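The values are calculated or read from the model by the stated rules, or taken from the named source; none is laboratory data. Values in this document were obtained by computation on a predicted structure and should not be read as measured data. We place every Cβ from the backbone using ideal geometry, glycine too, and count neighbours over all the protein chains shown. The accessibility values were calculated without ligands, DNA or RNA, using every heavy atom of the protein model including side chains. Shrake-Rupley method; radii C 1.70, N 1.55, O 1.52, S 1.80 Å.
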Amino acid sequence: MPPSARAPGPDLLRAVAIAWIMLYHLESHGLRLPGRLIAYGWMGVDLFFVLSGYLIGWQLLRPWALGTPPAWRPWWTQFMLRRALRILPAYGTVLALYVLLPASREAELMRPLWQFLTFTINVLPGAPEARAFSHAWSLCVEEHFYLLLPPVAWWLARRPAAGKTVAMALGVLLGGMLLRAWLWRQELAPLQGQGAYVGRFIALIYMPSPVRLDGLLMGVVLAVVRGFRPAWWAALMARGALLLGVGMAGLALAMWLLRGVPDFAGIVFGYPLLSCSLACVLAGCLSEQSWPGRWRVPGAAALATLAFSLYLTHKQVYHALDAYLGDALGGSPVLVFCLYNGAALLAAAALYWLVERPGLRLRTRLLAPVPVQGLQPSA
């Protein structure tokens, strides 16, 4: 595959992730969609985490895997500038709309602006009713990941040792499990069966970065295997269909553990199982021995390209249609589905072409390209 080619597997998974999230949020606007999978649409965020961990991890580790370790300062500076020019233009534009046009918000109240600017809405306490632009919590997790991964990658790759890498990975994984277990017993167990349980679960377990690193970790582990254990990677890529099967089976079990509002078992074991399963699915989709690794699904690349803009804007679009159309659609599920998602696609396309794409072009002019096979040009 040419270095600049887009791998079909990650494109498909990114398209699935954003579509899953959008359908999940669409149900809160009165549209009941068939099938139980929609209720697990929040898992699309975890799929994004696994994809990001793999793609960003491979981007950072690739120089050492090729035997050309970079100097710290320009390497770190270029990485952070690339991330800033990727995230901030579109994010800043949507944040400005939320601040300057309060009527566009999907909820009346919003966290303080400084928490959005510092990417801390997921780790600082806030009023439960301040839900406008709350989906930015996942961007906070990503930003914290961007800050943490470069020094960790530098430390591990300068003097690579399997024991050191395994200890780091297990430390992050088990540390997250232990922290979630402690939080559940101290904060959530006394609230079981009460209305306050859901709010505390979201504030303490679902959103904070320290307890949501499982998906990013699993993606980085895939990147480490690809870069430093090529024989293992070749063995994985030769078993793409098996990996897909194992991943889907694990995903089904994770859905059972994480059904409804999770209890102790789901909180402690469900998230790492979910992330490991999604990593298996990603590895299977990267393999040319599986059909997602060989064939391009029509429309998947376009939807993947718009995924970030769609994630930022779709809740505002849904709210605007609620506000201006009300019951004018007559409750037609097909019409609601087509209109809401069509409008979301149009808004995302506008944000992409007017803001996101110019930012990416500026990044290309200012910074050296990263020729990584299978890495999306916009990553």
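Let's see how each residue does on (1) more than 23 Å from Arg226 (Cβ to Cβ); (2) open to solvent by less than 30 Å² (accessible area, probe 1.4 Å):
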position	(1), (2)
Pro69	no, no
Gln78	no, no
Pro89	yes, no
Met110	yes, no
Phe119	yes, yes
His135	yes, yes
Leu139	yes, yes
Pro150	no, yes
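Which one of these is open to solvent by less than 50 Å² (accessible area, probe 1.4 Å) and within 23 Å of Met80 (Cα to Cα): Ala181, Ala203, Ala157, Ala161? Write out each step before concluding.
Working: Ala181 fails: within 23 Å of Met80 (Cα to Cα); Ala203 fails: within 23 Å of Met80 (Cα to Cα); Ala161 fails: within 23 Å of Met80 (Cα to Cα).
Testing whether each residue is open to solvent by less than 50 Å² (accessible area, probe 1.4 Å) and within 23 Å of Met80 (Cα to Cα) leaves just Ala157.
The residue that is farthest from Gly53 (Cα to Cα), among those in the range 91-108 that are among the hydrophobic types (A, V, I, L, M, F, W, C) and either open to solvent by 20 Å² or more (accessible area, probe 1.4 Å) or within 20 Å of the chain's Cα centre (by Cα) (or both), is Ala103. Of the set (1) open to solvent by less than 40 Å² (accessible area, probe 1.4 Å); (2) over 20 Å from Glu142 (Cα atoms), all apply to Gln194 but (1). Of the listed requirements (1) in a helix (DSSP H, G or I); (2) touching a helix residue (DSSP H, G or I) at 6+ places or on another chain (Cβ under 8 Å), Gly126 misses just one: (1).
Looking across the range 336-354 at every residue that is surrounded by 13 or more Cβ atoms within 10 Å (Cβ to Cβ) and more than 21 Å from Asp11 (Cα to Cα), the one that is modelled with the lowest pLDDT is identified as Val336. Of Val172, Val123, Val152, all but one fail to be under 24 Å from the mean Cα position of the chain (by Cα), more than 30 Å from Glu108 (Cα to Cα) and touching a residue at least 24 places away in the same chain (Cβ under 8 Å); the exception is Val172. Take Ala19 and tell me if it is open to solvent by less than 40 Å² (accessible area, probe 1.4 Å) and either of a type in the set (A, V, I, L, M) or modelled with pLDDT of 90 or more (or both). Spelling it out, Ala19 is indeed open to solvent by less than 40 Å² (accessible area, probe 1.4 Å) and either of a type in the set (A, V, I, L, M) or modelled with pLDDT of 90 or more (or both).
Out of Ala107, Ala90, which single residue is of a type outside the set (Phe, Trp, Tyr) and either assigned to a helix (DSSP H, G or I) or touching a Phe, Trp or Tyr at 6+ places or on another chain (Cβ under 7 Å) (or both)? I'd like the intermediate steps shown before the answer.
Values: Ala107 fails: either assigned to a helix (DSSP H, G or I) or touching a Phe, Trp or Tyr at 6+ places or on another chain (Cβ under 7 Å) (or both).
When all the criteria are applied, what remains is Ala90.
Within the range 150-195, take every residue that is touching a Lys or Arg at 6+ places or on another chain (Cβ under 7 Å) and not acidic (Asp, Glu) and give me the one that is modelled with the lowest pLDDT.
Start the filter on the range 150-195 by keeping residues that are touching a Lys or Arg at 6+ places or on another chain (Cβ under 7 Å), which leaves 156, 187-188, 191.
Pick out the ones that are also not acidic (Asp, Glu) and you get 156, 188, 191.
Working: Leu156: 86, Leu188: 94, Leu191: 92.
For the range 150-195, the residue satisfying everything is Leu156.
Among the listed residues Leu23, Leu33, Leu12, Leu85, which satisfies the condition of being part of a loop (DSSP other than H, G, I, E, B) and over 21 Å from Ser209 (Cβ atoms)? Checking each option against the conditions leaves just Leu33.
Taking only the range 129-141 into account, find how many residues are at negative phi and touching a helix residue (DSSP H, G or I) at 6+ places or on another chain (Cβ under 9 Å).
Applying the first criterion (at negative phi) to the range 129-141 yields 129-132, 134-141.
The next check asks that each one be touching a helix residue (DSSP H, G or I) at 6+ places or on another chain (Cβ under 9 Å); those that pass are 132, 134-141.
Within the range 129-141, residues that are at negative phi and touching a helix residue (DSSP H, G or I) at 6+ places or on another chain (Cβ under 9 Å) number 9.
Given the criteria more than 30 Å from Ala153 (Cα to Cα) and surrounded by 17 or more Cβ atoms within 10 Å (Cβ to Cβ), does Leu222 qualify? So Leu222 does not fit the description; no. Among the residues of the range 168-178, those identified as closer than 22 Å to Leu61 by Cβ and surrounded by 12 or more Cβ atoms within 10 Å (Cβ to Cβ) are Met168, Ala169, Val172, Leu173, Gly175, Gly176. Residues that are open to solvent by 10 Å² or more (accessible area, probe 1.4 Å) and in contact with an Asp or Glu (Cβ under 9 Å, 6 or more places away or on another chain) number at least 2 in the following helices (runs of 4 or more DSSP H) confined to the range 237-333: 271-286, 300-305, 307-325. Taking Gly30 as the residue in question, decide whether it is out of contact with any helix residue (DSSP H, G or I) (no Cβ under 9 Å at 6 or more places or on another chain) and open to solvent by 40 Å² or more (accessible area, probe 1.4 Å). Against the criterion (out of contact with any helix residue (DSSP H, G or I) (no Cβ under 9 Å at 6 or more places or on another chain) and open to solvent by 40 Å² or more (accessible area, probe 1.4 Å)), Gly30 does not qualify.
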